[in-house]
Amino acid sequence: MAMIDEPLYPIAVLIDELKNEDIQLRLNSIRRLSTIARALGEERTRKELIPFLSENNDDDDEVLLAMAEELGVFIPYVGGVQYANVLLPPLETLCTVEETCVREKAVESLCRIGAQMMEQDLVESFIPLVKRLAAGEWFTARVSSCGLFRIAYPSAPEALKTELRAIYSQLCQDDMPMVRRSAATNLGNFAATIEAPHLKVDIMSMFDDLTQDDQDSVRLLAVEGCAALGKLLEPQDCAAHILPVIVNFSQDKSWRVRYMVANQLYEVCEAVGPEPTRSDLVPAYVCLLRDNEAEVRIAAAGKVTKFCRILNPELAIQHILPCVKELSTDSSQHVRSALASVIMGMAPVLGKDATIEQLLPIFLSLLKDEFPDVRLNIISKLDQVNQVIGIDLLSQSLLPAIVELAEDRHWRVRLAIIEYIPLLASQLGVGFFDDKLGALCMQWLKDKVYSIRDAAANNVKRLAEEFGPDWAMQHIVPQVLDMINNPHYLHRMTILHSISLLAPVMGSDITCSKLLPVVINASKDRVPNIKFNVAKVLQSLILIVDQSVVEKKIRPCLVELSEDPDVDVRFFASQALESSNQKKMPAPVTCFSNHNQTNS
């Protein structure tokens with residue numbers, strides 16, 4: 001910083017810029033606080049800079065947010081943890097402002113500072129700050145105080161601990177819903193610091209107050225804390241205190257509360273154990289799966305596999321499966337999509353017989369759903385079913401649907417099928433694959449969507465890896481090479497891309513005899529995009545073929561391309577020539593460039 005030798009200069013600049021009408025200047029000044037503090041030194045930072053910031057009455061939220069963030073990491077600039085308490089006053093002021101994000105950042109910084117403070121300083125400075133905020137006249141101070149109890153409580157003497165628990169209890173019954181919401185949000189963190197005897201008495205009393213609140217926004221935050229509290233309690237205490245609340249909330253008049261129950265139910269099941277889950281939570285979950293609100297059914301449907309894992313197969317078939325059948329024909333496409341994303345995971349839980357009899361018809365129904373995301377979610381999890389029912393049954397029942405989806409009008413569905421093909425091929429075996437899916441793989445190389453063509457080229461490579469070069473030489477390479485004469489230049493580019501991917505798998509001999517002549521011939525193409533991609537493919541082949549082949553075939557072709565009228569062709573040809581000269585590792589060809597990017 002210029003003129004750093006003049007001791008008054010940095011603080012003068014700060015004061016000038018903080019009072020400037022330009023918000024950006026004030027913001028830049030705040031973000032340079034650490035620089036200014038280093039220039040002033042630790043003592044002057046404590047005595048001049050921090051008091052100045054405490055009195056700063058800037059009304060721009062962005063400036064205040066930056067200040068709250070900077071002060072959280074300011075301990076080294078005031079002389080270390082023994083002086084950390086000097087940072088509390090400006091942050092206390094920021095905890096009372098109206099803007100939520102400023103208050104939250106100030107609380108976060110106070111927690112960071114408090115976690116490093118010495119126990120005596122916490123008792124003398126931090127806990128009084130928490131008490132002042134909790135007793136604040138304006139609700140913003142009380143909202144902020146709720147997030148600080150978890151730092152203040154562990155170091156407090158016994159008498160102060162009792163007082164802090166009483167203060168938090170008052171905050172849970174505050175007149176302002178915003179304060180009660182903050183108390184509900186932070187209850188789990190506060191409870192984690194409290195001794196077991198007080199946990200069952202004081203904290204559960206606060207929890208009961210919040211769960212009976214007349215504001216649904218408070219109740220749903222209380223639900224969110226159920227799982228966190230449940231993990232702190234013994235299973236029997238959890239079943240006594242948390243379970244009745246969850247069961248009651250599953251029929252709450254507010255759909256938002258029921259939605260939160262559906263989201264949290266699995267975590268609560270883990271806390272209470274399997275027996276209470278089977279006796280009390282299964283009926284509650286069934287109610288949520290059949291809820292009137294689609295949002296609740298979406299949340300509940302997304303947990304169906306996790307929930308079934310806790311139950312035995314008989315209970316799942318008896319209680320959950322009928323609901324799953326109903327949801328598979330739900331009027332909301334989003335409910336069906338949520339179900340489709342997890343339903344395949346039920347197969348290992350229910351076992352082979354139940355999957356074949358009960359789940360398979362549902363899978364087939366969802367595979368034919370009119371909404372593409374539903375079909376997509378089913379396709380992506382087919383391997384989970386294969387592990388249970390075996391490939392023969394899978395191919396008989398699901399393969400016709402898969403073949404149909406391979407020509408789906410939505411390209412993302414086609415893409416999902418392509419990405420699943422290598423796995424399906426490995427499971428079906430060579431013979432079945434040749435009969436049913438081979439033609440599809442070639443068809444995708446000529447798709448009108450670039451992402452499909454690109455995925456199809458990678459698919460060809462993965463199939464060659466799966467079934468070996470001999471099989472690929474018979475079933476893939478001839479068909480791929482035939483397409484190099486396709487009238488559409490984008491399709492010819494896809495073939496070049498496929499060749500570059502196949503070459504490392506096929507090995508030097510096949511590359512030299514079959515692939516390289518096609519690439520060299522393509523260098524005569526009339527489209528510059530083809531020619532410069534030829535140069536890139538040749539660069540990738542240099543490492544695969546013998547040096548003699550490079551000299552006799554690849555270099556002459558590159559030399560010719562380096563004299564092409566098109567600047568891009570010359571550039572990539574020169575790059576490939578340089579690579580061949582220096583014998584350096586070429587960059588892998590990850591995508592095939594175009595003069596003008598296109599996805600059509």
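The values are calculated or read from the model by the stated rules, or taken from the named source; none is laboratory data. Only a predicted model underlies this, so the values are computations on that prediction, with no experimental measurement involved. Here the Cβ positions follow ideal geometry from the backbone for every residue, glycine too, while neighbour counts run over all protein chains shown. Heads up: the accessible areas ignore ligands, DNA and RNA and are worked out on the full protein's heavy atoms, side chains in. Shrake-Rupley method; radii C 1.70, N 1.55, O 1.52, S 1.80 Å.
Output the helices (runs of 4 or more DSSP H) that fall wholly within segment 290-336 and possess 3 or more residues being buried (at least 21 other Cβ atoms within 10 Å of the Cβ) and free of Cβ contacts under 8 Å to residues at least 60 places away in the same chain, or say none. Walk me through it before giving the result.
Details: elements: 294-301, 304-310, 321-327.
Filter on segment 290-336 gives 294-301, 304-310.
Mind listing just one residue for me: the one in segment 521-550 that is more than 22 Å from Asn458 (Cα to Cα) and at pLDDT 85 or above and, of those, most open to solvent (accessible area, probe 1.4 Å)? Working first, answer last.
Initially, segment 521-550 is screened for residues more than 22 Å from Asn458 (Cα to Cα), giving 521, 523-528, 546-550.
Then keep just the ones that are at pLDDT 85 or above; that gives 521, 523-528.
On the way: Asn521: 105, Ser523: 14, Lys524: 131, Asp525: 28, Arg526: 190, Val527: 26, Pro528: 39 Å².
Among those that are more than 22 Å from Asn458 (Cα to Cα) and at pLDDT 85 or above, it is Arg526.
Which residues, taken from segment 378-404, are open to solvent by 40 Å² or more (accessible area, probe 1.4 Å) and either at pLDDT 70 or above or under 16 Å from Met346 (Cβ atoms) (or both)?
Passing the criteria: Ser380, Lys381, Asp383, Gln384, Gln387, Pro400, Val403, Glu404.
With the checklist (1) farther than 15 Å from Ala106 by Cβ; (2) open to solvent by 10 Å² or more (accessible area, probe 1.4 Å) in hand, flag the one item Asn56 doesn't pass.
Only one criterion in (1) farther than 15 Å from Ala106 by Cβ; (2) open to solvent by 10 Å² or more (accessible area, probe 1.4 Å) is unmet by Asn56, namely (1).
Name the single residue that is nearest to Thr96 (Cα to Cα) among those in segment 134-179 being in contact with a Leu (Cβ under 7 Å, 6 or more places away or on another chain) and not small (Gly, Ala, Ser). Before you say what the answer is, go through the steps one by one.
Of all residues in segment 134-179, those in contact with a Leu (Cβ under 7 Å, 6 or more places away or on another chain) come to 134, 141-142, 144-146, 148-149, 152-153, 155-156, 172, 179.
Imposing the further condition that a residue be not small (Gly, Ala, Ser) reduces the set to 142, 146, 148-149, 153, 172, 179.
Values: Arg142: 8, Cys146: 13, Leu148: 13, Phe149: 16, Tyr153: 21, Cys172: 19, Val179: 13 Å.
Per the criteria, the residue is Arg142.
Are any of the residues in segment 522-540 touching a residue at least 12 places away in the same chain (Cβ under 8 Å) and out of contact with any helix residue (DSSP H, G or I) (no Cβ under 7 Å at 6 or more places or on another chain)?
We begin by selecting, within segment 522-540, every residue touching a residue at least 12 places away in the same chain (Cβ under 8 Å); these are 522-523, 525, 527-540.
Next cut, out of contact with any helix residue (DSSP H, G or I) (no Cβ under 7 Å at 6 or more places or on another chain) only: none.
No, segment 522-540 contains no residue that is touching a residue at least 12 places away in the same chain (Cβ under 8 Å) and out of contact with any helix residue (DSSP H, G or I) (no Cβ under 7 Å at 6 or more places or on another chain).
Given the residues Ala68, Ala84, which is the only one that is farther than 28 Å from Leu199 by Cα and under 32 Å from the mean Cα position of the chain (by Cα)? Write out each step before concluding.
Values: Ala84 fails: under 32 Å from the mean Cα position of the chain (by Cα).
Residue meeting the stated conditions: Ala68.
Can you tell me which residues in segment 231-272 are within 30 Å of the chain's Cα centre (by Cα), of a type in the set (S, T, N, Q) and either at pLDDT below 80 or buried (at least 17 other Cβ atoms within 10 Å of the Cβ) (or both)?
Ser250, Asn263, Gln264, listed by residue number.
Anything in segment 551-597 that is at pLDDT 85 or above, of a type outside the set (Ser, Thr, Tyr) and part of a loop (DSSP other than H, G, I, E, B)? List them, or say none.
Glu563, Asp564, Pro565, Asp566
Would you call Asp369 outside any helix (DSSP H, G or I), at pLDDT 85 or above and open to solvent by less than 30 Å² (accessible area, probe 1.4 Å)?
Working: outside any helix (DSSP H, G or I): yes; at pLDDT 85 or above: no; open to solvent by less than 30 Å² (accessible area, probe 1.4 Å): yes.
In short, no.
Which one is farthest from the chain's Cα centre (by Cα) among residues in segment 489-507 that are free of Cβ contacts under 8 Å to residues at least 40 places away in the same chain and not in a loop (DSSP other than H, G, I, E, B)? Reasoning before the result, please.
From segment 489-507, those free of Cβ contacts under 8 Å to residues at least 40 places away in the same chain are 492, 499, 507; that's our starting set.
Checking which are not in a loop (DSSP other than H, G, I, E, B) leaves us with 492, 499.
Details: Arg492: 37, Ile499: 35 Å.
Selected residue: Arg492.
Would you confirm whether or not segment 12-33 contains a residue that is at pLDDT 80 or above, of a type in the set (Gly, Ala, Ser) and touching a helix residue (DSSP H, G or I) at 6+ places or on another chain (Cβ under 7 Å)?
Taking every residue of segment 12-33 in turn, none turns out to be at pLDDT 80 or above, of a type in the set (Gly, Ala, Ser) and touching a helix residue (DSSP H, G or I) at 6+ places or on another chain (Cβ under 7 Å).
Looking at (1) open to solvent by 20 Å² or more (accessible area, probe 1.4 Å); (2) closer than 20 Å to Ser279 by Cα, which is the one condition that is false for Asp214?
Just one mismatch for Asp214, condition (2).
Could you please let me know if Ala439 is assigned to a helix (DSSP H, G or I) and buried (at least 16 other Cβ atoms within 10 Å of the Cβ)?
So Ala439 fails the test.
Which one of Gly80, Gly147 is open to solvent by less than 50 Å² (accessible area, probe 1.4 Å) and either without any contact (Cβ under 8 Å) to a residue 40 or more places away in the chain or farther than 27 Å from Met206 by Cα (or both)?
Testing whether each residue is open to solvent by less than 50 Å² (accessible area, probe 1.4 Å) and either without any contact (Cβ under 8 Å) to a residue 40 or more places away in the chain or farther than 27 Å from Met206 by Cα (or both) leaves just Gly80.
Looking only at segment 106-119, decide whether some residue is over 31 Å from the mean Cα position of the chain (by Cα) and of a type in the set (D, E, K, R).
There is at least one residue in segment 106-119 that is over 31 Å from the mean Cα position of the chain (by Cα) and of a type in the set (D, E, K, R).
Considering only segment 65-77, state which residues are surrounded by 22 or more Cβ atoms within 10 Å (Cβ to Cβ), touching a Leu at 6+ places or on another chain (Cβ under 6 Å) and outside any loop (DSSP other than H, G, I, E, B).
Start the filter on segment 65-77 by keeping residues that are surrounded by 22 or more Cβ atoms within 10 Å (Cβ to Cβ), which leaves 67-68, 71, 74, 77.
Now narrow it down to the ones that are touching a Leu at 6+ places or on another chain (Cβ under 6 Å): 68, 71, 74.
Those that are surrounded by 22 or more Cβ atoms within 10 Å (Cβ to Cβ), touching a Leu at 6+ places or on another chain (Cβ under 6 Å) and outside any loop (DSSP other than H, G, I, E, B): Ala68, Leu71.
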